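Participant: Questions regarding the structure given below will be posed in turn.
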Amino acid sequence: MKTITVFKGDGIGPEITDAVIEILKAAKAPLSYEFFNVGAAEYERNGALIPDEAFQSFEKTRLLLKSPITTPIGKGFRSLNVTLRKKYDLYANIRPAKSNAAVPTPFPNVDIVTFRENTEGLYVGVEYKINEDTVHAIKIITRKASERIIRAAFEYAVSHNRKKVTCVHKANILKMTDGMFLDIFKAIAKEYPQIESDDKIVDNTCMQLVMHPETMDVIVTPNLYGDILSDLTSGLIGGLGLMPSMNIGDDYAMFEAVHGSAPDIAGKHIANPTALLWSACMLLEYIGETKIAANIRKAVDNVLAEKQHLTPDLGGKATTEEYRDAVIAKL
Ligand code: NAI
Ligand code: MG
């Protein structure tokens, strides 16, 4: 039995969290839960978006299932996600994009996992004004951060029976920064002879992703390219709505849906909990509960394929709770 920390978030956060927890319980996931209200409502109550006890719980459990949080605008707030990534050194941002029967797209055979470096590259946010007409931005690539994200991608490939890892870069132009990232990739690839490896330049990758997405498997790439490519892969499978993610470091792991708090439908009980549920499946896989994760995935696939209990975002009429119960019935 493992204890996990759960942030219920705001907007649709509490509704989809409740549905996901019910499904986890029905699947007999060996988890116990420490729940925390975080986000705007918590801020109004206690003056902090994330209460100290919530941080303390995560520091103890080291596993966080996080539902979306509204980022208050105009109060000088730093994005909560950026805060969590920095504070807990969650260096690998991992997004699996897999085609789904419920969401027909021109690309039915997509199954791509992007490993985005999460801590450096151009996103260190160091910019200088040289003069009125010239500004500079700094891109930082370090051996340490490159090695750990590349190794994480290969380890994932091994543990998830993937065939190939592709390094995406622009080393033909950025010879030192991306060049070092690519050199490190080639060295680490030698340690994994059972996994095929290759590299592609980022612009060509964009074309390949749209023309032949079925040829891509695991991608590992610096921060900026990873940000852009993972949205592109979301688009291939029909948008952000069915996209889970995990952010992992050496000591901590955080799992969340890619979508936001959807204030427009909050409280209406029509939110789709699938992306958060799949994020919970990634958590189960991360702690070795692969069988229970597979059972849940199969139940979800069946419900989506039958199209009888789809939420409105997927063209159906089901409430969050009806969808939840359909998944539980399959379990
Ligand atoms: P959003 O993803 O919340 O919503 C975009 C559209 O997708 C809306 O029409 C919404 O109803 C729909 N949608 C999203 N998730 C859905 C679901 N599970 N089921 C059915 N429909 C769904 O993006 P938006 O509106 O740009 O952001 C709203 C708030 O969420 C903002 O405050 C933003 O800062 C925050 N946000 C938080 C994130 C996080 O905590 N990880 C990530 C992205 C945004
Ligand atoms: Mg982005």
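Throughout, read-outs are computed from the coordinates displayed, never taken from laboratory work. Since the structure is predicted, the reported quantities are computational estimates derived from the model, not experimental observations. Heads up, the Cβs are rebuilt from the backbone with ideal geometry, glycines too, and the neighbour counts pull from every protein chain shown.
Participant: Can you find, among A19, Y156, T142, the residue farthest towards the positive end of the dipole of the chain? Put +1 on the C-beta of Lys and Arg, -1 on that of Asp and Glu.
Facilitator: Y156
Participant: Using the crude model of +1 on Lys and Arg Cβ and -1 on Asp and Glu Cβ, and no other charge, please compute the dipole size for the range 171-264 relative to its Cα centre, in debye to 20.
Facilitator: 220 debye
Participant: So which GluC sites (Glu not before Pro) in the range 77-153 are both in a DSSP loop and have at most 15 other Cβ atoms within 10 Å of their Cβ?
Facilitator: E132
Participant: Stokes-Einstein diffusion coefficient for the range 1-157 at 25 °C in a medium of 0.890 mPa s, Rh from the Kirkwood formula over Cα pairs: what value in µm²/s?
Facilitator: It diffuses with D of about 131 µm²/s by this estimate.
Participant: For the range 106-259, divide the Cα radius of gyration by the Kirkwood radius and give the resulting Rg/Rh value with two decimals.
Facilitator: That ratio equals 0.98.
Participant: Here's a follow-up. Charges only on Cβ, +1 for Lys and Arg, -1 for Asp and Glu: so what's the dipole of the chain about the Cα centre, in debye to the nearest 20?
Facilitator: Dipole magnitude for the chain comes out near 500 debye.
Participant: When only C-alpha pairs under 8 Å and at least 6 residues apart count, what is the relative contact order of the chain, in percent?
Facilitator: Averaging sequence separation for qualifying contacts and normalising by length gives 23 percent for the chain.
Participant: Which angle between 0 and 90 degrees, to the nearest 10, do you get for helix 320-330 versus the longest principal axis of the chain when only C-alpha atoms count?
Facilitator: On a 0 to 90 degree scale, this one is about 90.
Participant: Which ³J(HN,Hα) values in Hz, rounded to whole numbers, follow from the phi angles of the range 30-41 under the Karplus curve 6.51 cos²θ - 1.76 cosθ + 1.60, where θ = phi - 60° and Gly and Pro get x?
Facilitator: With the stated coefficients, the range 30-41 comes to x, 10, 10, 10, 10, 8, 9, 7, 10, x, 4, 4 Hz.
Participant: Also, quick follow-up: Does anyone have the angle between helix 13-26 and the longest principal axis of the chain? Alpha-carbon axes, 0 to 90°, nearest 10?
Facilitator: 80 degrees
Participant: Roughly how many debye, to the nearest 20, is the charge dipole of the range 39-103 about its Cα centre, given +1 on each Lys and Arg Cβ, -1 on each Asp and Glu Cβ, and no other charges?
Facilitator: Its charge dipole is roughly 320 debye.
Participant: Using the charge dipole of the range 233-331 (Lys, Arg: +1 at Cβ; Asp, Glu: -1 at Cβ; taken about the Cα centre), state which of A257, Q308, C281 has its Cα farthest towards the positive end.
Facilitator: Positive-most Cα among the choices belongs to Q308.
Participant: Using only the alpha carbons of the chain, what is the convex hull's orientation-averaged projected area in square nanometres?
Facilitator: 17.9 nm²
Participant: Just want to confirm a number: the relative contact order over the range 185-289, from Cα pairs under 8 angstrom separated by 6+ residues, in percent.
Facilitator: Once normalised by length, the contact order is 19 percent.
Participant: Something else about it: Pop out the ³J(HN,Hα) list for the range 44-55 in order, Karplus 6.51 cos²θ - 1.76 cosθ + 1.60 with θ = phi - 60°, rounded to Hz; leave Gly and Pro as x.
Facilitator: Running phi through 6.51 cos²θ - 1.76 cosθ + 1.60 with θ = phi - 60° gives 4, 6, 10, x, 9, 5, 10, x, 3, 4, 5, 4 Hz.
Participant: Using only Cα atoms, tell me the angle between helix 274-286 and the longest principal axis of the chain; keep it within 0 to 90° and round to the nearest 10.
Facilitator: Result, in degrees: 70.
Participant: Same structure again: Tell me, what are the semi-axes, in whole angstrom and largest first, of the equivalent ellipsoid of the range 69-186 as set by the roots of 5 times the Cα gyration tensor eigenvalues?
Facilitator: They are 29, 23, 16 Å, listed from largest to smallest.
Participant: Counting DSSP beta bridges in the chain, what percent are antiparallel, to the nearest 5?
Facilitator: 45 percent
Participant: Per-residue HN-Hα couplings for the range 184-200, Karplus 6.51 cos²θ - 1.76 cosθ + 1.60 at θ = phi - 60°, whole Hz, x for Gly and Pro?
Facilitator: 5, 4, 5, 5, 5, 4, 5, 6, 10, x, 6, 9, 5, 9, 8, 9, 9
Participant: Along each principal axis of its Cα atoms, how long is the range 1-59 end to end? Whole angstroms, biggest number first, please.
Facilitator: Dimensions of the range 1-59 along the principal axes of its Cα atoms: 36, 25, 11 Å.
Participant: Give the separation of the Cα centroids, the range 195-237 to the range 1-72, in Å.
Facilitator: That distance is 31 Å.
Participant: Y33's amide H: which non-local residues (gap 5+, or another chain) put their own amide H closer than 5 Å, with H modeled 1.01 Å from N in plane and none for Pro or chain starts?
Facilitator: I4
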